[in-house]
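To start, the structure itself, in structure tokens.
What follows is calculated from the coordinates using simple rules that are stated; it is not laboratory data. Since this is a predicted model, take the numbers as computed values, not measurements. Here the Cβ positions follow ideal geometry from the backbone for every residue, glycine too, while neighbour counts run over all protein chains shown.
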Amino acid sequence: MSEGMGGWLDFERPLVELEQKIAEFRDFADGEKIEIRDELRRLETKAEKLRTQIFTGLTRWQRVQLARHPRRPYTLDYLQRLTGCFLELKGDRGFGDDRAIVGGLASFRGRKVMVVGHQKGRDIKAKLERNFGMPHPEGYRKALRLMEMAARFGRPIFTFIDTQGAYPGIAAEERGQSEAIARNLLVMARLPVPIVGIVIGEGGSGGALALGVCDRTFMQENSVYSVISPEGCAAILWGDRARAPEAAEALKVTAQDLSKLGVIDGIIPEPPGGAHRDVDAAATSVGDTLDSALAELEQLSPAELVEARLQRFLAMGSYLEDGLPKGLGHS
Amino acid sequence: MAWFRRGKKGIKAAVDKKDMPQGVWLKCRECTEILYRPELEKSHWVCQKCGYHFRISSRQYFQLLFDEGSFVEEDAGLRPSDPLHFRDSKKYKDRIVAAQTKTGLDDAIVSGRATVDGIPVSIAALDFSFMGGSMGSVVGERIARAAQRAIDARRGLITLSASGGARMQEGILSLMQMAKTSAMLAKLAEERLPHISILTDPTTGGVTASFASLGDVILAEPKALVGFAGPRVIRETINQELPEGFQRSEFLEAHGFVDRVVHRRDLNRTLATVLAFFGDAPMPTGRLRRRQDDH
Ligand SMILES: [Zn+2]
């Protein structure tokens, strides 16, 4: 990952440099002078062209890089902007508190909601504390505890999905990573309250899906969601992690891919250049999506909600039955 | 499935030619003992010397687990499609055809109904010989349908796993099979019907992290590799050697994620006992073979 030059990606660097130049020019030059105004306008037109050039027709690998961008907003960045009140609740009541998942009680545009989400760290210390956003079983069990609590008290649930995947380590296996993920899938499928999920960065495999059994799932424009990381896929297929860009193409990991396939309900637009260029605007779009999805789901009775959720996941698949195409992805 | 009613002789025909070692004399993968094939068949492909459980096909398990001739395949005719038009060095479509030719199966699963000691059950069993038992749309759909058939007929569900995990050639749809199968098991549980999960070597990834870990009772064959992340991935992540016995059935039993490690020859009796307990049939008389550490 290109983290040099203040944490910008290679392909966005020319734009960022040009924007910095414009900002400096504006600060130091005398804006009254006509030739300076012309020069500024020229540079701004150039920046606009460059932005369009870079961000239309991004490759899938570039989307992966944006989803992992070191400056990309994380769950708590959104909660800070979207919730009037957020009271974090910790611990799985069995082993410990996993900092790679956060959750708690929140107020959101006049409603009371339970929120759970993966949490990555910004600086090295926070990255370690958050284990790079890769949960252990106790993280999933904490999320489950909070979601079951929400269901008991009739509160809807928001999930924020942003993880490379569940942590592959000895302790995680000892404490039942598989069981923890599987249990979340089973229980989430039947919780009698609305669940809306947003993939805000990386939707990495089972570790992401463990917060992903929702009535509505949306992806931000530059997020990805995949059964295996492009690196992991490349390692299996070609024995070479460096071929991850090819794997990303083959796996079809972008919001646009999943929307086309019918696996998600919509794509949340990001500000020009990505969510990290204007976090407030990105948060507003996310909030509007949560708001309207919830308004829709609140029309359903708990029984209708749970049945619709089951049908939604039963429809996931693509196969031939007696030679005829069935399920998704046959268009 | 006519071959299936041929009784014990059918076993030979059902042996997967590529996955099963050839010849009359075979070497045990664990203890390197030279074994005589007819003896091995009689012992359900368990090494008489060290107890190593060879990998066998779903059809061989059916011979072992179910009343003779009771298995009836259901939901045959489901075949994989290629929603992503996936290709690496080979096209997914070509890999499917190659696996179908090699195994004689449509996908990595055989499902249907059968009886155990006269107790009707639904069964969904994975075949490792078909693309590593990986779970794509067909596997997920047949498990979901087996669960629905179990609900409709008021019988229990047995799943038998042997899988490397999700089938990445089906991308996100293979991941979604984890949610799909788990959601159906939630419904099965609401109907108060039992799910018995049997784990065999190997059961990893998305299969372990979904239906396979959701049995009311979870049985595992001795020394089967069972885990979420593969040992190679863990070793590379933590950059150290893994402890002896890590992610084996006995390890899972000790950590509380498997009810019992069961020798292959005892699977049928164990299953019959569990099913009888949940249903109306009387519990079998006589004791199951005790393991040294049972109390
Ligand atoms: Zn042996």
Which residue, chosen from A:230, A:22, B:214, occupies the Cα position most advanced towards the positive end of the dipole of the protein assembly as shown, where the dipole is computed from +1 (Lys, Arg) and -1 (Asp, Glu) charges on Cβ about the Cα centre?
B:214
Counting DSSP beta bridges in chain B, what percent are antiparallel, to the nearest 5?
45
If the only charges are +1 at each Lys and Arg Cβ and -1 at each Asp and Glu Cβ, what is the size of the charge dipole of chain B around the Cα centre, to the nearest 20 debye?
820
Inter-label distance, nm, simple model (7 Å from Cα along the C-beta direction), residue B:191/residue B:265:
3.7
Going by the alpha-carbon gyration tensor, a ≥ b ≥ c the square roots of its eigenvalues, is chain B rounded (a/c under 1.5) or, if a/c is not under 1.5, prolate (a/b greater than b/c) versus oblate?
rounded
Taking B:203, B:103 and counting other C-beta atoms within 10 Å, the order from fewest to most
B:103, B:203
How much net charge surrounds residue A:284 when only the other residues with a Cβ under 15 Å from the Cβ of residue A:284 are counted, with Lys and Arg +1 and Asp and Glu -1?
-4
DSSP-assigned coil residues among chymotrypsin sites (Phe, Trp or Tyr not before Pro) in the stretch A:109-215, each with at most 12 further Cβ atoms within 10 Å:
A:153
Stretch residue A:149-residue A:13 to full length: gain in nm at 0.36 nm per residue minus the Cα-Cα span?
44.4 nm
The protein assembly as shown - share of DSSP beta bridges that are antiparallel (%, nearest 5):
45
Set B:93/B:223; A:90/A:127; A:90/B:187; A:120/B:180; A:112/A:252; B:27/B:93 screened for pairs whose C-alpha atoms are more than 24 Å apart
B:93/B:223; A:90/B:187; A:120/B:180; A:112/A:252; B:27/B:93
Nearest 10 degrees is fine. How inclined is helix A:302-314 to the longest principal axis of chain A, computing both from alpha carbons?
70
Sort A:118, B:53, B:263, A:136 so the one with the fewest other Cβ atoms within 10 Å of its own Cβ comes first.
B:263, B:53, A:136, A:118
Select from the stretch B:134-222 those GluC sites (Glu not before Pro) which occupy a DSSP coil region and have at most 16 other Cβ atoms within 10 Å, ordered by residue number.
B:191
Please get the size of the charge dipole for the protein assembly as shown, origin at its Cα centre, with Cβ charges of +1 on Lys and Arg and -1 on Asp and Glu, quoted in debye to the nearest 20.
1640
Show that you can apply the helix-only estimate: for chain B, add -39,500 (n - 2.57) for every DSSP H stretch of four or more residues, divide by all residues, and state [θ] at 222 nm to the nearest 500.
-9500 deg cm²/dmol
Assuming a ≥ b ≥ c are the square roots of the Cα gyration tensor eigenvalues, decide whether the protein assembly as shown counts as rounded (a/c under 1.5), prolate (otherwise, with a/b larger than b/c) or oblate.
prolate
Assigning unit charges at the beta carbon (Lys, Arg +1; Asp, Glu -1) and nothing else, what dipole magnitude in debye, to the nearest 20, does chain A show about its Cα centre?
600
Distance (nanometres) between label positions extended 7 Å along Cα→Cβ at residue A:48 and residue A:33
2.4
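Mind listing which GluC sites (Glu not before Pro) in the stretch A:31-75 are in a DSSP loop and have 12 or fewer other Cβ atoms within 10 Å?
Listed in order of number, the matching sites are A:32.
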Treating the angle as unsigned and between 0 and 90°, give the value, to the nearest 10°, between the Cα long axis of helix A:34-55 and the longest Cα principal axis of chain A.
30
Along the charge dipole of chain B, pointing to its positive end and built from +1/-1 on Cβ of Lys, Arg, Asp and Glu, which listed residue (B:174, B:45, B:274) has its Cα farthest out?
B:45
Alpha-carbon centroid distance for the pair the stretch A:75-120 / the stretch B:191-267, whole angstrom
32
I'd like the orientation of helix A:13-28 relative to chain A: the angle between its Cα long axis and the longest Cα principal axis, in ° from 0 to 90, rounded to 10.
50
Identify all aspartates and glutamates with a Cα-Cα distance to residue B:42 below 15 Å; exclude those on the same chain that are fewer than 8 residues away in sequence.
B:266
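Neighbouring Cβ atoms within 10 Å as the yardstick, rank B:97, A:253 fewest first.
Arranged by neighbour count, lowest to highest, B:97, A:253 become B:97, A:253.
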Which net charge results for the neighbourhood of residue A:109, defined as the other residues with beta-carbon distances under 10 angstrom from its beta-carbon, given Lys and Arg at +1 and Asp and Glu at -1?
-1
Dipole of the stretch A:242-299, positive end: most advanced residue of A:258, A:293, A:279 [Cβ charges, Cα centre]:
A:258
